Amino acid sequence: MATVKASPEAQLRLLELAGLDAELGRLEHRRRSLPEHAELAGLEQRDRELRDEMTALEARVGDLKREQLKADADVEQVRSRIVRDRARLDAGQVSSPRELGNLQSEIDSLLRRQSDLEDVELDVMERLEAAQARLKEAGAERASVGVDLESVTGRRDAALAELAGLSGQAAEKRAAAAAQEPADLLELYERLRAQHGGVGAAALHRGQCQGCHLTLNTADLTVIRGTAPDEVVQCEECRRILVRTDESGL
């Protein structure tokens, strides 16, 4: 049992103080557990993923454009040689059957080379188009995520503002209630509040502590029944201040 003494009225006021502390605790829990916090975290994570993907895609698009320029140049070079060789044939500049055969063979080889290079060129173009398409999709998705971020941030801020207002009102009421309590009783309450989840006092209701919900045995109730009204008693289980009321069952 505690040695602190306080009037029954001062002890009853502890229940108001405890109620306000419980309310402040609930408001703080609501503030921490707003669904918008998790929603924003997910959106921010997705935004970072898209940003990183777009950075990689932009670099890939740049590489593929350079690869395409090289592939285009390679194809054009072979085409130019084919055009030149065919021009020689068409102009009759080659009269020797052997040279004519060699030139035709070269043209055939160049045509196969052109086909291979055009396949490479087409593959590069397809990969470039795919990268550009994905880059566009990622950009659109990131823009959408940005809109969602703005919307959810607004909802979160509104909810936080509302909770801050409620917490401010409860804190003002708490300060007024605490100011009415004797210093030694308030000191004991605050010490117990820090130890027991933010609430340092509870009502004794029909023989049960409303803090830990322990039902006191007959011997403990007998001791409390014989304790002076101005003597502060504590729960043997949770050590919170036990406030006696007309419904304590004593």
Exercise. Measure nothing fancy, just the Cα-based angle from helix 183-195's long axis to the longest principal axis of the chain, in degrees from 0 to 90, nearest 10.
Key: 40
Quiz item: Stretch residue 52-residue 230 to full length: gain in nm at 0.36 nm per residue minus the Cα-Cα span?
Solution: 57.3 nm
Quiz item: Within a Cβ distance under 11 Å of residue 61, other residues only, what is the Lys/Arg minus Asp/Glu net charge?
Solution: +2
Quiz item: Mind ordering 238-248, 42-52 by average Cβ neighbours within 10 Å, highest first?
Solution: 238-248, 42-52
Quiz item: Going by average Cβ neighbours within 10 Å, how do the peptides 79-86, 195-202, 57-64 rank, with the highest at the top?
Solution: 195-202, 57-64, 79-86
Practice problem: Order the peptides 133-139, 90-96 from the highest to the lowest mean number of other Cβ atoms within 10 Å of their residues. | Solution: 133-139, 90-96
Self-check item: Under 17 Å from residue 136, Cα to Cα: lysines that are on another chain or at least 8 residues apart
Solution: 65
Quiz item: In nanometres, what is the gap between the two model label sites at residue 93 and residue 122, each 7 Å from Cα along Cα-to-Cβ?
Solution: 3.2
Self-check item: Within straight-line cross-link reach of residue 173, lysines at Cα separation under 25 Å, skipping those fewer than 8 residues along the same chain
Solution: 5
Practice problem: Apply 1/(1 + (r/R0)^6) to the Cβ-Cβ distance of residue 247 and residue 164, taking R0 = 35 Å, and write down the FRET efficiency to the nearest 0.05. | Solution: 0.50
Quiz item: Pulled fully out, how much extra length does the chain show between residue 212 and residue 102, if you take 0.36 nm times their separation in residues and subtract their Cα-Cα distance?
Solution: 29.4 nm
Quiz prompt | Folded to 0 to 90 degrees: helix 35-90 orientation relative to the chain principal axis, Cα | solution = 0
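Where a number appears in this text, it was derived from the coordinates with a stated rule and is not lab data. For clarity, every value in this text was computed on a predicted model and none was experimentally measured. Positions of Cβ are generated from backbone atoms using ideal geometry, with glycine treated the same way; all protein chains shown enter the neighbour counts.
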